[in-house]
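Q: My questions will all concern the structure given below.
The values are calculated or read from the model by the stated rules, or taken from the named source; none is laboratory data. Nothing here was measured: the structure is a model prediction, and the numbers come from that model. FYI the Cβ positions are ideal-geometry reconstructions off the backbone, even for glycines, and counts take in every protein chain you see.
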Amino acid sequence: MKRKLFNKSGLSIFTLMVLTFLLTACPKKKTDPTPATPGTPSTPSTPVATTITVKLSKNWGAISVSEDGTVVFTNSNSSNIKPGYGNFKIDLRSQNAAKLTEYDGKSFTGTWSISSDEKTLTVTGLTPQPTDTGGTIVFTINEITDSSMKITRTSKNRKTGATTTIYTLTII
């Protein structure tokens, strides 16, 4: 008498197990690590590095200002030495177009650029020209994140008399 090794249901289960093993044991196909264009449905879930230009391209307002080492404005302080710094804004949202609003509320428009080492923000062609600037104000970028920035103006500000002004800014 001949004995069958598998009956029909046993053969089906065995075949299913072999197929499952083969499919899970094979190495996965490698994919291109280049991320898709942001905003498309195929964008990977891992974050893509943000460039300095993207970080800068926002509307910034002062939360703290120091002149020559003395804190003269903090947005949470009701007794600031120079409360007008609550007006200070630098709008860099338009591609290379800048709007600077000084502590006295006066606004200037021009263009902005970032140095190749990403440490210097230059605002040029300011109109009307702020006094004694030649239409250009240069800031050193001390720190920048997606939502805050600390910059230093190292040229003298004739309006305030300060030689060095450090602005801590946030998105407004």
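Q: Of the numbered conditions (1) surrounded by 15 or more Cβ atoms within 10 Å (Cβ to Cβ); (2) at pLDDT below 95; (3) in contact with a Lys or Arg (Cβ under 9 Å, 6 or more places away or on another chain), Asp132 fails exactly one; give the number of that condition.
A: Failed condition: (1).
Q: For the stretch 79-136, how many residues are within 23 Å of the chain's Cα centre (by Cα), farther than 20 Å from Thr152 by Cβ and of a type in the set (Ser, Thr, Tyr)?
A: Adding up the residues that qualify gives 3.
Q: If I filter the stretch 56-113 down to residues being touching a helix residue (DSSP H, G or I) at 6+ places or on another chain (Cβ under 9 Å) and of a type in the set (Phe, Trp, Tyr), which single residue comes out as surrounded by the fewest Cβ atoms within 10 Å (Cβ to Cβ)?
A: Tyr103
Q: Of the residues in the stretch 76-94, how many are under 20 Å from Asn59 (Cβ atoms) and of a type in the set (Lys, Arg)?
A: 2
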